[in-house]
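Scroll down for the structure; my scribbles are underneath it.
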Amino acid sequence: MNIETKVYKILDDLNIEYEVFEHEPIYTAEQLEIIKDVAKGNHCKNLFLKNSKGDRYYLVVVRDDKKADLKILKEQLGSTRLSFASAERLYDTLKLTPGSVNPFSIINDEEKKVTLCIDKDVLDGQNLNFHPNINTKMVNLSSEGLKKFVHSMGYDLIPVEV
C-alpha cells in the first residue's frame, strides 16, 4: 500500500470525515493559492526542523500566512538551535521529499523520532488542509479529525505560538 492510500485507510478506519482535492504540484506555501478557492479552511506550511545536534526532529505546522521565528520556537520547545533539516534527513526519517511533508507524514516515522508541533492559530475551528504525503492532492478535514488521527498514531500535538 502506498503512503497516500495508507492515509486514506487510517482516516476511513477512524471514521474521520474528509474530502480530497486534486491539483497541480505544490512545493511552497506561496503556491497554495491555486487550491484555496476549492479547499476551504486553513492552509498550512509544514516545517521539518532539527536541533543543532541533529538528534531531534520537529514537524511544525503553521498557517501559510505566518512566519515562524525559530528562536522563539526553540525556547518554547526547550531545544538547542533549530534549523531546517536536509532533504536527505527528511527522506530518511519520513520517507518523503520536500514539498510533501505534513502531519500525516508521521505514519512513516517508524522510530518515533519526530515531535509534532502545531501553532495554536491553526486550530481555530476551521477545517484544515494537508497533502496526503503527495503534493498533487489536498485532504480537507476538521481539526478534531486531525487530532484523532494524530492520537491514533501514538503522538501528541504539541501546541506552540509561532
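The values are calculated or read from the model by the stated rules, or taken from the named source; none is laboratory data. The shown structure was predicted, so the numbers you read here are calculated from the model rather than taken from an experiment. Because the Cβ atoms are built from the backbone with ideal geometry, glycine has one as well, and the counts that use them run over all protein chains shown.
Could you look through the range 69-87, keep only residues that are surrounded by 17 or more Cβ atoms within 10 Å (Cβ to Cβ) and small (Gly, Ala, Ser), and pick out the one that is nearest to the chain's Cα centre (by Cα)?
Top of the filtered list is 85.
Identify, please: which residue in the range 1-18 is assigned to a helix (DSSP H, G or I) and charged (D, E, K, R) and is, among those, surrounded by the most Cβ atoms within 10 Å (Cβ to Cβ)?
First pass over the range 1-18, keeping only residues assigned to a helix (DSSP H, G or I): 3-13.
With the extra rule that they be charged (D, E, K, R), the set shrinks to 4, 6, 9, 12-13.
On the way: 4: 18, 6: 15, 9: 12, 12: 10, 13: 9.
Among residues in the range 1-18 that are assigned to a helix (DSSP H, G or I) and charged (D, E, K, R), the one surrounded by the most Cβ atoms within 10 Å (Cβ to Cβ) is 4.
Considering each of 101, 62 in turn, give the residue that is within 11 Å of the chain's Cα centre (by Cα) and more than 17 Å from residue 149 (Cα to Cα). Before you say what the answer is, go through the steps one by one.
Details: 101 fails: more than 17 Å from residue 149 (Cα to Cα).
Matching residue, one of 101, 62: 62.
Name the single residue that is nearest to residue 60 (Cα to Cα) among those in the range 108-122 being part of a loop (DSSP other than H, G, I, E, B) and in contact (Cβ under 8 Å) with a residue 24 or more places away in the chain. So that I can check it myself, show each step before the final result.
Of the residues in the range 108-122, the ones part of a loop (DSSP other than H, G, I, E, B) are 109-113.
Subsequent filtering for residues that are in contact (Cβ under 8 Å) with a residue 24 or more places away in the chain retains 112-113.
Working: 112: 15, 113: 14 Å.
For the range 108-122, the residue satisfying everything is 113.
Is the range 130-149 home to any residue that is at pLDDT 90 or above, outside any helix (DSSP H, G or I) and within 21 Å of residue 76 (Cα to Cα)?
No, there is no match, as no residue in the range 130-149 is at pLDDT 90 or above, outside any helix (DSSP H, G or I) and within 21 Å of residue 76 (Cα to Cα).
When you check residue 115 against the structure, is it under 14 Å from the mean Cα position of the chain (by Cα) and farther than 26 Å from residue 24 by Cα, yes or no?
Values: under 14 Å from the mean Cα position of the chain (by Cα): yes; farther than 26 Å from residue 24 by Cα: yes.
Answer is yes for this residue.
With the requirement that a residue be in contact (Cβ under 8 Å) with a residue 24 or more places away in the chain and either under 23 Å from residue 75 (Cβ atoms) or surrounded by fewer than 21 Cβ atoms within 10 Å (Cβ to Cβ) (or both), what does the range 88-100 give you?
Residues satisfying the conditions are 89, 95, 98, 99.
Could you please find all residues in the range 38-72 being closer than 20 Å to residue 92 by Cα, charged (D, E, K, R) and in contact (Cβ under 8 Å) with a residue 40 or more places away in the chain?
Once the filter is applied, which keeps residues that are closer than 20 Å to residue 92 by Cα, charged (D, E, K, R) and in contact (Cβ under 8 Å) with a residue 40 or more places away in the chain, the range 38-72 yields only 56.
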